[in-house]
1. Write down Rg/Rh for the range 299-386, rounded to two decimals, with Rg from the C-alpha atoms and Rh from the Kirkwood relation over Cα pairs.
2. To the nearest 10 degrees, how steep is helix 10-23 against the longest Cα principal axis of the chain, on a 0 to 90 scale?
3. Whenever you get a sec, compute what percent of the accessible area on the chain sits on carbon and sulfur atoms (1.4 Å probe).
4. Residues of the chain: accessible area per residue at 1.4 Å, in Å²?
5. What angle, in degrees between 0 and 90 and rounded to the nearest 10, separates the Cα long axis of helix 349-385 from the longest principal axis of the Cα atoms of the chain?
6. Taking a cut-off of 28 Å, what percent of all Cα-Cα pairs in the range 188-337 are separated by more than that?
7. Gain in length, E63 to A15, computed as 0.36 nm per residue apart minus the alpha-carbon separation, to one decimal in nm?
8. Taking R0 as 45 Å, what FRET efficiency do you get between L327 and Q175 from their Cβ-Cβ distance, rounded to the nearest 0.05?
Amino acid sequence: MFVKKDLRKIPQILADASQRAATSPPSLSTEGEDETPPPTKKAKSENDNSIITEMRLGRRAPEFLPSCSASILLAPKFRPALDNLIKLSLYDCGLSSLAGIEQQLHSTNDNIDNDDLMLSSTTLFPKLEQLDIGRNPKLTNDSLPHSFHTQFPSLLELWCDDCSFGPQIPNTLLQMNKVHVVRMTCNKLEGQLDQAIGVKYWKHVRVLAMDGNKLDSIGEGIGKLAFLEKLHLRQNSLRSLPEGVPSAANSSLTMLCLSSNLLTSLPKSIVDVADTLTELYVNGNQLETVPEGLAKNCTFLVKFNLAHNKIDSEDLLPQDFVMRFGLPNLVTGECTNDSQCVVRLEGNPMAERRRKAYLEEEKAKAKALEIERAALEEMEVDSDDE
């Protein structure tokens, strides 16, 4: 959907939002009201001055110069604008620091003294549910204040794609315990993904995207995420998954993306989520087999990508899988017993041999048909000459 960009400068946008917040009456609507009459022209005009709850400030890098920080948002006169925000995008703004988005110190008397300083209990973004700071490659762990998380008590979605966080996830981001969506693709994460995720941190996460990093292992806590629906770990350096990831506790898991890693096997516990999985991507690894029992409870599987692995056995897929779904077409991937399920096997040694044989057979059939057609045409010519 095309969204028209606000051509005003950021201070103008913030000033307008602050003014609206100061002058707009509190809303009288309550959740669940269905009998609201259609707005009149007058009501629509008045609505033009409604409280601003979303700001798309992405791709405005020149306006954040020279500080390359969020300081432009933090002027006290703009505070009313921040109080009401639910969605904020600072995507691709050339940011290198988010200093200032932290617990503030204030004095208890006019004669400021260090002993009289105390942390403010107020927060800068009390209602914010979605924050996008993606594509700011200068943002690192050092760019975040230690109390950054305290300023987003209601945050549900955190988008940090294409930044430079690493080699570990900043602790202040881990402490955003209400988040449902965390995206940190293409950062500089290395080694093991924090073991406390799922045990201490992010226990309510539904979408976890860590593609394009250099992770070589993940903790067993991922297997405890009861609300996890989509797990993206593509293009890392994973050689294995711990047994129990995924597990029966991941009772909401529908999509598991593990492509372009170094996996040589899949954990047996993957069969424990077979009844919820709809999409499983393990292409571009070094798998030689697929666990037995995967299809036992498969009810909703529609995409299973096994392409470009090292499967070289006669039985490309476990017998239980073939009995449930049938054999996949070597070209389209559609399964003979369930055309809704598509299994990609190209790039595996056995699949390539079978595919080559299949194409040669089809080519031979086409050539034979062409010869037969030519013979029939020749017979018709001879008949006409007689």
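1. Values: Rg = 19.7 Å, Rh = 15.4 Å.
That ratio equals 1.27.
2. Relative to the chain, helix 10-23 is tipped by roughly 70 degrees.
3. So the carbon and sulfur contribution to the accessible surface is 51 percent.
4. Working: 21530 Å² over 386 residues.
Result: 56 Å² of accessible area for each residue.
5. Once rounded, the angle reads 50 degrees.
6. On the way: 1745 of 11175 pairs.
Beyond 28 Å sits 16 percent of the P(r) for the range 188-337.
7. Values: separation 48, 0.36 × 48 = 17.28 nm, distance 1.53 nm.
Additional length available on full extension: 15.8 nm.
8. Numbers: r = 49 Å, r/R0 = 1.10.
The value I calculate is 0.35.
The values are calculated or read from the model by the stated rules, or taken from the named source; none is laboratory data. Remember, predicted model here, so these are calculated numbers, not experimental data. Cβ: placed from backbone, ideal geometry, glycine included. Neighbour counts: every protein chain shown. What goes into the accessible areas is simple: the full protein's heavy atoms, side chains included, and nothing from ligands, DNA or RNA. Shrake-Rupley method; radii C 1.70, N 1.55, O 1.52, S 1.80 Å.
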